[in-house]
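Take a look at the structure below.
Values in this text are rule-based calculations from the coordinates and carry no lab data. Fair warning: this is a prediction, and the values are worked out from it, not measured in the lab. FYI the Cβ positions are ideal-geometry reconstructions off the backbone, even for glycines, and counts take in every protein chain you see.
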Ligand code: C5P
């Protein structure tokens, strides 16, 4: 069974018999406002595990290096153990969320080229914005790693914009995390689910992501189930 290595807001990481492999357990928990809003949502863990499994399998097949190995149960998957780089790489195709509150632009403004922002992963500091020279000064990542993080983020954006478009969804923005394998290879880590991206319906522009929870727009599980259903239709026919 192993032991708990880390408990996050929506996932728990467990050790396994293999020192290079961890077991991820997706929890039925939703948080917003950096943990200040928190609820149990039955079925959410299973939905995120299924959605993230589809996305990571797709990215692996397209040659993107990730930590993902396989899904092992409704709420669990196996991943390669990585040293997490404490950065959040946010890519925005359309202005919404904090970009709108920070810069006062119109919600829904389409960027001619994607906006790229980096945040320092720290609950205690509320995930502050961090720039390149600050990252280098703090030794959080090397110049080469930063270049690779943004090259991979751009590749993921292109692949997933096209994938979600086939599912009738607009990929508005998303957050990625990266880690280093034992040999230093940089890989995509964490998860890709409606918890860490924004998806709008192409026709109605309704939100099919965690904004439903953040803004109290209704029940989360039917919305995540809709995303899963549409993705399955595209990927599995
Ligand atoms: O809140 P903000 O507009 O900066 O979010 C941009 C994108 O990054 C959204 O898709 C959001 O879900 C994601 N994000 C995240 N974790 C954070 C901050 C943002 O997944 N701590």
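Brief remarks follow.
- Subtracting the Cα-Cα distance of residue 232 and residue 61 from 0.36 nm times their residue separation leaves 60.0 nm of extension gain.
- Cβ-based exposure ranking for 73, 193, 153, in which fewest neighbours within 10 Å come first: 73, 153, 193
- For segment 1-70, the square roots a ≥ b ≥ c of the C-alpha gyration tensor eigenvalues yield an a/c of 1.5 or more together with a/b not exceeding b/c, which makes the shape oblate.
- Computed helical MRE - 222 nm, the chain, DSSP H runs ≥ 4 contributing -39500 (n - 2.57), nearest 500: -10000 deg cm²/dmol
- Note on segment 85-128: Cα-only Rg and Dmax are 11.8, 34 Å.
- Gap separating the Cα centres of segment 82-104 and segment 1-29, nearest whole Å: 26 Å
- Spacing of the two label points (7 Å from each Cα toward its C-beta) at residue 42 and residue 18, in nm: 3.5 nm
- Each of 103, 174 has some number of other Cβ atoms within 10 Å of its Cβ, and from fewest to most they run 103, 174.
- Compared with the alpha-carbon gap, the fully stretched path from residue 73 to residue 29 is longer by 14.1 nm at 0.36 nm per residue.
- Burial ordering of 57, 96, fewest other beta-carbon atoms within 10 Å first: 57, 96
- Per-pair calculated FRET efficiency, R0 = 35 Å: residue 4 and residue 126 via Cβ, rounded to 0.05: 0.90
- For the pair segment 182-199 and segment 112-151, the centres of their Cα atoms are 14 angstrom apart.
- Taken along its three principal axes, the alpha carbon spread of the chain comes to 47, 42, 37 Å, from the longest extent down to the shortest.
- Using R0 = 30 Å, the C-beta based FRET efficiency linking residue 205 and residue 158 works out to 0.85.
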